[in-house]
Every structure is written in structure tokens, then in C-alpha cells.
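J.: Below you will find the structure I want to go over with you.
The values are calculated or read from the model by the stated rules, or taken from the named source; none is laboratory data. Model, not experiment: these values are computed from the prediction. Note: areas computed on protein heavy atoms with side chains; ligands, DNA, RNA excluded. Shrake-Rupley method; radii C 1.70, N 1.55, O 1.52, S 1.80 Å.
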Amino acid sequence: MPQRPGAFAAQFAPETLQRFKALCRQQDKAYSKVLERLALLYVETEGGILSTAGSAGPPLKGAQKRQVQVESLQNKLLEDLLKRVEILEKKETKTLYELDRLHKDLAFFTSGLKEPES
């Protein structure tokens with residue numbers, strides 16, 4: 001039976017796989033999506049994601065470049081998140097304003113008074 005495009009099989013140490021799946025379940029994330037994201041980060045950093053600060057010897061130029069790329073990607077993601085938060089906060093303010101206006105309109109209506117002309 002042919003596998004679907006993008007499918008693969010892997011052999012993990014059983015304890016590692018169990019802990020990984022348990023953490024994904026705890027965080028309510030599909031472990032296949034987590035693996036896919038890790039693979040993408042690995043490719044984008046040309047393997048630099050696995051570099052450790054305590055590795056022997058001076059960092060290579062390629063490793064430094066990849067670190068800058070990772071930091072740049074993180075900064076872009078942070079900027080995007082901050083923009084999204086700002087948009088949501090503006091929408092919340094607008095929604096609260098509209099709710100307040102509707103509440104006042106309803107109060108006028110239920111009291112039998114006419115709303116003052118603006």
C-alpha cells in the first residue's frame with residue numbers, strides 16, 4: 001500500500017517517544033504537527049537549532065549566521081503577535097463603546113424617552 005506524500009516512519013527510543021507524546025497531549029498539540037514544525041525550523045536554520053551554547057570551540061560563521069536568522073525569525077513573529085494584540089485591543093475598545101451606546105439606547109427605549117438628537 002503506497003504511503004501518502006509527506007508520510008514517514010521513524011524509530012524513537014520508547015521512553016523519548018512516550019514523553020514527547022505525553023507533553024504534546026498535555027499541551028493539546030498534535031505531535032505530528034510539532035514534529036513538522038521542528039523539521040521546518042531545522043531546515044530554516046540549516047541544522048543550527050541543534051547547536052548548543054556549551055559546544056566546544058568557537059562558533060562557526062555559518063552557525064552565527066543561522067543564529068541571526070533564527071533571532072530575526074523570532075523578532076518577526078513577535079512583531080506579528082504584537083500587531084495582532086494591538087488590533088484585538090482596538091476591536092475590544094470599539095466593541096465596548098458600541099455595547100455602551102446600545103445599553104444607553106435600550107435605557108432610553110425602555111424608559112419611554114426619546115433619544116436626544118446628536
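J.: Quote the accessible area belonging to residue 43 in square angstrom, nearest 10, computed with a 1.4 Å probe and with ligands, DNA and RNA left uncounted.
T.: Residue 43 has an accessible surface of roughly 100 Å² with all protein chains in place.
J.: Can you return the lysines within cross-link range of residue 21? Criterion is Cα-Cα under 26 Å, with same-chain partners fewer than 8 residues away left out.
T.: 29, 33
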